[in-house]
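Just below is one structure, and these are the notes that go with it.
Read-outs throughout are calculated quantities, based only on the coordinates presented, and are distinct from any laboratory measurement. This structure is a prediction, so every number in the text was calculated from the model and none was measured. All Cβ positions, even for glycine, are placed from backbone atoms using ideal geometry, and neighbour counts span all protein chains on display.
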Amino acid sequence: MQLEEIKEEIKNIFADRLNMDLSSVTAGDDDGLFDDGWGIDSIDVIDIVLGVEKKFGVKLGQDEEIQGHFRSLNTLAAYVKSLTETAKA
């Protein structure tokens, strides 16, 4: 799966699990997921993790590095892409 496809699927997860109206989101793919960017909070992360794991059949890590992967939509999508590629190997 290409990175752009993964980003679109993650956006769909945001819409479905967070009841987010994507047409009203002004944040870009490099903007932060929290605060002024996409506006998600720590509780939303749980829903996102569950949605990503279900959709892509991967297990997101529980370590300190996971925070870095949730910086932006681009970093999250790149992380998911690396996990899906590892799972295929």
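Odds and ends about this structure:
- Nearest-20 debye value, the stretch 21-89 charge dipole, Cβ charges on Lys, Arg, Asp, Glu: 520 debye
- Gaussian network model of the chain, springs between alpha carbon atoms under 10 Å - residue of V58, V25, V45 with greatest fluctuation: V25
- With a Förster radius of 22 Å applied to the beta-carbon distance between D35 and T84, the computed FRET efficiency rounds to 0.20.
- Cα centroid separation - the stretch 1-21 against the stretch 39-89, whole Å: 12 Å
- Among D47, D30, D63, the largest mean-square fluctuation in a Gaussian network model of the chain (Cα springs under 10 Å) belongs to D63.
- Here the spin labels are modelled as points 7 Å beyond Cα on the Cα-Cβ line, and at D47 and S23 they lie 2.0 nm apart.
- Most mobile of S72, S42, S23 in a GNM of the chain (Cα contacts under 10 Å): S23
- Computed over every Cα-Cα pair of the chain and binned at 10 Å starting from 0, the pair-distance distribution P(r) comes out as 17, 57, 24, 2 percent.
- Normalised by the number of residues in the chain, the average gap of Cα pairs under 8 Å and 6 or more apart makes the relative contact order 36 percent.
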